[in-house]
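Data block below; observations after.
The values are calculated or read from the model by the stated rules, or taken from the named source; none is laboratory data. Bear in mind the structure is a predicted one, so any value in this text is a computation, not a measurement. So basically every Cβ, Gly included, is an ideal-geometry build from the backbone, and we count neighbours across all protein chains shown.
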């Protein structure tokens, strides 16, 4: 008996397409109206961009193995979103500065995570969890309940608006595609990527084969922090407002997106394409449940059950008996 | 000579550091709250800590067995909402005990669901319990969409004001947990637990019933979560579907502060219990120290990160000198 094998990213994407097509049959679905269907699809994709970008850093640390995970990404997103909001103050010329600050602050927090994990041997789960608390505390101090600021018009144009009037694809999706290609290059075509997978498979063999494990670990967490910082920058460009709880709701979905995309949570195997597909599936399910006007309780249960079914299909680990 | 002696001691008793932390936080607490050891003050502290202590004990078993349980807060919420809606403020004691029994069964069932997916379907613990946490939290919200309901005041008083022999009720419960743990760790099951957490494949090859042991840890955690849910309901006297949510990550932090390794197989239950009490003291210290509200989260999180980092820092300095 030959098992049909289908790669997780493709499976997740197929699932997204099927779910979307089925959603057309809902009472308030798009039915046979293609224009509505198209606008709904682009809207869901646009929403998936932010989860997708935040999941990028998560993908890196999870691939690096040794229980790698980044629980601080949600609060980093909030922090850099607030920083961007405050720095830009509606001026186009400050946008680049805000982007650099977002990347630097995110990177620095990530580096601290990496240092704690590498040098002090704190497990990634609790190190980044503790860091998340510290960053949330810092946000409260900076924020003091309210901040004054404004996003720049150029950010809204670059992120939220469509490419041009004839091509109704929001820029955010195009940014994401370019971002996806860059992530693919990073993972598959650079020494960093090769070393990262080596780290995830087995740290000892990686070290013996000449990989600088300490440096790689620091770099991975710093990069993950910077990517979360970038996510915060993009997110505020779309929402246009900031609040204390802006980034936290993205945290666990970002881990779920990585898992749904077929990246092994134990490390060493995975892809960013998978995380992208995972982000689309999760965003789709969430927005479908919202369209169906389910109460919050049912929405949570359906989301949990779907996630459980998805990971039961291809998230299984090797059997003990081999 | 002396240094190696210290090292050996620390390796043998991972909870030693937790004990030191507990003593330090206790001393600071006594300075800030001079009547700390008065019967009523002690009781009012301990009854607030007890729900987290119960939850942490279950989490410690799961982590010892090499897993993690993110759904514990959801189970606490289910129990809380069931008791608050089904017993009611004017319910009879018989009804209360009947639903306490049902709550325990619900906790066991929820834990068994986690265990089934993780041990028998071999899914990754973190993402599985994340998915079920949505199921459980959603169910709690379904049972009680808005905070309300409650349990009879005289039953709540039983938990809040019981001080047999002038000692808080919590002391007896902690003693019972530790006695049970001492018994369990001396049995064959205890040895199996450490073996599975240490290295599941090796345990499997030496005929340890790995699947059954993994399954059992989640059932125990479910039971402890239900007990924690009962305790917190009797403490607050009312129902709120989000009551368990912040308790999950707290329990994991407590286990790690208690000296258990996140990868499993190292530690015990007494250390994590001390960790849970320490976290409670830290919360107390932050609220008693008259820190500005905006700074509270930051200070608390920083203390926790420092506590997590301290063993690593000590090791770092020791290995430098050696």
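Tabulated results
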read-out: Number of positions in region B:256-272 that are in a helix (DSSP H, G or I) and within 14 Å of residue B:62 (Cα to Cα); value: 2
read-out: For residue B:251: the one exception among (1) part of a helix (DSSP H, G or I); (2) touching a helix residue (DSSP H, G or I) at 6+ places or on another chain (Cβ under 8 Å); (3) within 18 Å of residue B:23 (Cα to Cα); (4) more than 8 Å from chain A (Cβ to nearest Cβ); value: (3)
read-out: Residue list for region B:281-314, restricted to those being assigned to a helix (DSSP H, G or I), without any contact (Cβ under 8 Å) to a residue 12 or more places away in the chain, more than 7 Å from every other protein chain (Cβ to nearest Cβ) and more than 14 Å from residue A:130 (Cβ to Cβ); value: B:287, B:293, B:296, B:314
read-out: Neighbours by Cβ (under 9 Å, 6+ apart or cross-chain): first from region A:240-255, more than 11 Å from every other protein chain (Cβ to nearest Cβ); second surrounded by fewer than 23 Cβ atoms within 10 Å (Cβ to Cβ) and in a loop (DSSP other than H, G, I, E, B); value: A:240/A:150; A:242/A:147; A:242/A:149
read-out: Unique match (being within 28 Å of residue B:158 (Cβ to Cβ) and within 14 Å of another protein chain (Cβ to nearest Cβ)) among B:107, B:73; value: B:73
read-out: Residue list for region A:295-315, restricted to those being over 21 Å from the mean Cα position of the chain (by Cα) and not in a helix (DSSP H, G or I); value: A:295
read-out: Some residue of region B:255-263 being under 30 Å from residue B:158 (Cβ atoms) and modelled with pLDDT of 85 or more; value: yes
read-out: Region B:230-263: number of residues that are on the phi > 0 side of the Ramachandran plot and within 16 Å of the chain's Cα centre (by Cα); value: 1
read-out: Any hit, region B:129-137, residues being in a loop (DSSP other than H, G, I, E, B) and closer than 27 Å to residue A:253 by Cα; value: no
read-out: Output for region A:306-321, where each listed residue is in contact with a helix residue (DSSP H, G or I) (Cβ under 6 Å, 6 or more places away or on another chain), more than 7 Å from chain B (Cβ to nearest Cβ) and modelled with pLDDT of 70 or more; value: A:306, A:310
read-out: Among residues of region A:139-154, those that are crowded, with 21+ Cβ neighbours inside 10 Å and modelled with pLDDT of 80 or more, counted; value: 1
read-out: Within region A:10-126, helices (runs of 4 or more DSSP H) holding 3 or more residues that are within 21 Å of residue A:171 (Cβ to Cβ) and at pLDDT below 85; value: A:34-63
read-out: Output for region A:271-294, where each listed residue is outside any loop (DSSP other than H, G, I, E, B) and free of Cβ contacts under 8 Å to residues at least 60 places away in the same chain; value: A:286, A:289, A:290
read-out: For residue A:215: the one exception among (1) in a helix (DSSP H, G or I); (2) within 19 Å of the chain's Cα centre (by Cα); value: (2)
read-out: Selected residue (criterion: nearest to residue B:74 (Cα to Cα)) from residues of region A:265-284 that are under 16 Å from the mean Cα position of the chain (by Cα) and within 12 Å of another protein chain (Cβ to nearest Cβ); value: A:282
read-out: Which listed residue, of A:193, A:200, A:237, A:229, is within 14 Å of the chain's Cα centre (by Cα) and crowded, with 17+ Cβ neighbours inside 10 Å; value: A:229
